Amino acid sequence: MMTRLDSKIEVYIGSPVEHDSERLALSQVVATLSSGSAAAVILANVTLSSRQIDLIVATEKFVLVVEAKGSTRPVRGGKNGNWEFLSATD
């Protein structure tokens, strides 16, 4: 399904977006792109070579692949490093 949000942003949705974290990520990406002037294409919840991808965002200057995760617990991690859930004592 394709939706044109305005003259510059097109959103293609492969399968229904089922998870809140994915809906929130899509909403935030659309809001951020809508506030600028760049044209963009967003592919949401698509499957490529049997892999499900939450978001692919493409503009003339970049392509961004997003895997959205949701958590109610704090998470700590570094760039390309190990990630861990924090406990109440951390």
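A short reminder: the numbers here are calculations on the coordinates, not readings from a lab. Since this is a predicted model, take the numbers as computed values, not measurements. Using ideal geometry, Cβ is built from the backbone for each residue, glycine included, and neighbour counts are taken over all protein chains shown.
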GNM on the chain, Cα springs under 10 Å; top mean-square fluctuation among SER71, SER34, SER15 goes to SER71
Quick calc, the chain, dipole around Cα centre from Cβ unit charges on Lys, Arg (+) and Asp, Glu (-), nearest 20 debye, gives 160
Quick calc: nm separation of the 7 Å Cα→Cβ label points for ALA31 and VAL65 -> 2.7
Residues THR89, THR59 in order from fewest to most other beta-carbon atoms within 10 Å are THR89, THR59
Fewest to most Cβ atoms within 10 Å: ASP20, ASP54 sort as ASP20, ASP54
Rounded to the nearest 10 degrees, the helix 20-34 long axis (Cα) sits at an angle to the longest Cα principal axis of the chain of 50
Highest GNM mean-square fluctuation among GLY77, GLY14, GLY36, for the chain with Cα springs under 10 Å, belongs to GLY77
Final fewest-first order of GLU60, GLU67, GLU22 on the 10 Å Cβ neighbour count is GLU60, GLU67, GLU22
